[in-house]
Every structure is written in structure tokens, then in C-alpha cells.
Amino acid sequence: MAARKNKTPEFFNEESFDPVEVATGQGGQGGQGGVGPKTHVGPAVNKKKAGFYLSVELLDRFTRKFYELKLAGAAIENKSALLELALSFALDDLDRGSKSQMMQNIES
């Protein structure tokens, strides 16, 4: 019996690929076009999964902006990195107290 040419993807495997990298062929996986396991480069970061709800509109807008940035070549590793950056900016703004744009929106 001949060996199978096409390998069936392992859908429940922990290893994943970025669909934008696959579509654009901009993957950094040694010419594999982005297909293959993602590896963490750099020091280990202590992270914890957060569980909260977002409106469908906001989540769609966030996802769309993430892929726009990726297609434009922005150095954003993944959605978590973009969300951490946005949350960091928001918290920095809140630290400004009464000068905070977010506080002005909350109070109005």
C-alpha cells in the first residue's frame, strides 16, 4: 500500500499555526509558509488565561484590526500581545486620574 502524500492535520493538538501567516506565506518557520508549531522565543513569561465577556461588535472590531495589522506587516505576534498592549495603554490612561480620557467617558 502506498504511503499517503497528504497528512491529515491534528485538530486537537496543542501546536497551532497563524492563518494569516499561512495565507500570506510570511511565516518564520524555515520556509514552511507559517505552517507548523509556534515556538516561544525569549524569556518565559508568567501568563494566566482571563475569562470575561466582550460585546460581539467590539470583539469583531478587535479581530479585524488584528488581521489588518498583520497583513500590513506589523510586528504583532498574536491577539494576546495586541490586547496586552491595548490594556496597558488603557491602564496608563486611567492612572492619569481626572485627566484620563477613559475616566471622562466613565463619568459622562
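Given a cut-off of 31 Å, name the pairs among LYS7/LYS70; LYS47/LYS70; LYS5/LYS47; LYS65/LYS99; LYS5/LYS49 whose C-alpha atoms lie farther apart than that in the structure shown.
Beyond 31 Å between Cα atoms: LYS5/LYS47; LYS5/LYS49.
How much FRET efficiency would the formula 1/(1 + (r/R0)^6) give for LEU58 and LYS5, where r is the Cβ-Cβ distance and R0 is 35 Å, rounded to 0.05? Don't skip to the end; give the middle numbers.
On the way: r = 43 Å, r/R0 = 1.23.
Result of the calculation: an efficiency of 0.20.
Using a basic spin-label model with each label point 7 Å from the Cα along Cα→Cβ, how many nm lie between LEU94 and ALA50?
0.9
Laboratory data are not the source of any read-out in this text; all were calculated from the coordinates shown. These figures come from a predicted structure and were not determined experimentally. Neighbour counts run over all protein chains shown; Cβ positions are idealised from the backbone, glycine included.
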